[in-house]
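The values are calculated or read from the model by the stated rules, or taken from the named source; none is laboratory data. In this text, all values refer to a predicted model and were calculated from it rather than measured experimentally. Here the Cβ positions follow ideal geometry from the backbone for every residue, glycine too, while neighbour counts run over all protein chains shown. Heads up: the accessible areas ignore ligands, DNA and RNA and are worked out on the full protein's heavy atoms, side chains in. Shrake-Rupley method; radii C 1.70, N 1.55, O 1.52, S 1.80 Å.
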Amino acid sequence: MGRDHPGRFGLFAALPMPDPNAALREIEYAYDTLKADGIGLMTSYATPNGVTWPGDAALAPVFAELNRRKAVVFFHLGRGGSQQLCCGNVVPGVPDVMAETPHEMTRAIMSLLFNGTLSRNPDIKFIFTNAGGTTATLAGRVAVTSKRLGAEFDKLVPNGVDYELKKVFYEVSNGTSPSSLAALAAYVPMSQIVFGTDFPFVSIESTAGGIDDFWAEPQRDLVYRTNAAKLIPRLA
């Protein structure tokens with residue numbers, strides 16, 4: 001589709017995580033041969049030994065290479081074994097999409113934050129789907145409690161929690177209710193919010209309707225196109 005419609009469609013390549021050596025080879029192929037616009041990753045990965053989160057030390061070389069390439073990296077929800085998420089349905093009778101899906105995204109972001117992946121790789125443009133899960137709601141709690149962690153945390157996150165969480169991008173699929181957008185808009189600059197849909201699970205009309213009801217036209221334009229165009233300028 002990208003070849004047939006130049007300038008209209010971009011390409012995000014998938015990596016064979018959590019194998020760092022295979023992922024490094026795929027990054028080279030994706031950028032140098034496929035001319036990819038970015039990389040798509042999952043929030044968690046199933047392994048024989050359990051679940052690997054993206055901030056795992058073994059994956060540090062992968063993010064270092066993505067940082068060197070100034071990559072755009074999009075995170076979607078992972079899959080652990082036969083479950084969609086690492087933890088499955090924690091509360092019996094409650095579908096995982098109700099509570100575990102947003103918490104899965106938050107866990108991945110916290111993994112990247114607390115292990116120093118966000119701060120060590122300032123040239124990666126991270127995008128998190130589902131409006132970052134519960135991150136905007138919990139950010140104040142995280143920032144305050146992290147001050148008790150001492151010198152080791154300060155070394156990993158020298159600029160602080162708010163700096164790291166406000167510089168990444170949040171894609172609003174499945175997160176355009178008034179309360180979700182209010183939390184996100186109160187925490188991050190408008191420049192860090194981009195459009196996305198969870199179609200066919202959530203209708204595009206529902207997603208766009210939430211955006212249209214919440215923001216006036218100048219701000220809507222940032223979310224619908226302007227912010228994303230800065231991430232992939234060749235499509236602008």
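Straight Cα distances below 17 angstrom link K166 to the lysines K125, K230, with same-chain residues fewer than 8 positions distant left out.
The H on the amide N of I127, modeled in the peptide plane, is under 5 Å from the matching H of V73, F74, F75, F169, each at least 5 residues off or on a different chain. In terms of the mean number of neighbouring beta-carbon atoms within 10 Å, the peptides 40-50, 225-235, 100-110 order highest first as 100-110, 40-50, 225-235.
Give, rounded to the nearest 20 debye, the magnitude of the charge dipole that region 157-236 has about its Cα centre when Lys and Arg contribute +1 at Cβ and Asp and Glu contribute -1 at Cβ.
About 340 debye.
For region 1-140, the solvent-accessible area works out to 48 Å² per residue, with a probe of 1.4 Å and every protein chain left in place.
Using the Cα gyration tensor of region 64-160, with a ≥ b ≥ c the square roots of its eigenvalues, what is the shape: rounded (a/c below 1.5), prolate (a/b larger than b/c) or oblate (neither)?
Details: a/c = 2.32, a/b = 1.39, b/c = 1.67.
Verdict is oblate for region 64-160.
What relative contact order, as a whole-number percentage, does region 87-136 give when Cα pairs under 8 Å and 6 or more residues apart are counted? That works out to 43 percent. Within straight-line reach of K147, meaning a Cα separation under 14 Å, sit the following aspartates and glutamates at least 8 residues removed in sequence or on another chain: D162. Note on region 141-183 and region 99-115: Cα centroid distance 11 Å, given to the nearest whole angstrom.
Here the 3J(HN,Hα) profile of region 18-30, calculated from phi with Karplus coefficients 6.51, -1.76 and 1.60 at θ = phi - 60°, is x, 7, x, 5, 5, 5, 5, 5, 6, 4, 4, 5, 4 Hz, Gly and Pro shown as x. Mean separation of Cα pairs under 8 Å and 6 or more residues apart, divided by the residue count, gives the chain a relative contact order of 15 percent. Residue-wise HN-Hα couplings along region 221-235, as the Karplus relation 6.51 cos²θ - 1.76 cosθ + 1.60 with θ = phi - 60° gives them from phi, are 4, 4, 6, 6, 8, 4, 5, 5, 4, 6, 6, 10, x, 5, 9 Hz; Gly and Pro carry x. Classified by the C-alpha gyration tensor, region 87-236 has an oblate form. Its axis ratio a/c, with a ≥ b ≥ c, is 1.5 or above, and a/b does not exceed b/c. Protein heavy-atom accessible surface, 1.4 Å probe, per residue over region 146-197: 49 Å². Couplings for region 91-103, taken from phi via the Karplus curve 6.51 cos²θ - 1.76 cosθ + 1.60 with θ = phi - 60°, read 9, x, x, 9, x, 4, 5, 6, 10, 6, 4, x, 5 Hz in order; Gly and Pro are left as x. Take the Cβ atoms of N49 and D123, set R0 to 35 Å, and the FRET efficiency comes out at 0.65.
Counting only protein heavy atoms and a 1.4 Å probe, tell me what percentage of region 100-220's accessible area is made up of carbon and sulfur. Don't skip to the end; give the middle numbers.
Values: 3050 of 5560 Å².
On region 100-220, the fraction of accessible area on carbon and sulfur atoms equals 55 percent.
Put simply, the amide H of V194, placed in the peptide plane, has neighbours under 5 Å in Y170, E171, V172, leaving out anything fewer than 5 places away on its chain.
Have a look at the DSSP beta bridges in the chain and tell me what percent are antiparallel, nearest 5. Display every interim value, and only then the final one.
On the way: 4 of 20 bridges.
In the chain, approximately 20 percent of DSSP beta bridges are antiparallel ones.
By the helix-only formula, in which each DSSP H run with n ≥ 4 contributes -39500 (n - 2.57) and the sum is divided by residues, the chain has a 222 nm mean residue ellipticity of -12000 deg cm²/dmol.
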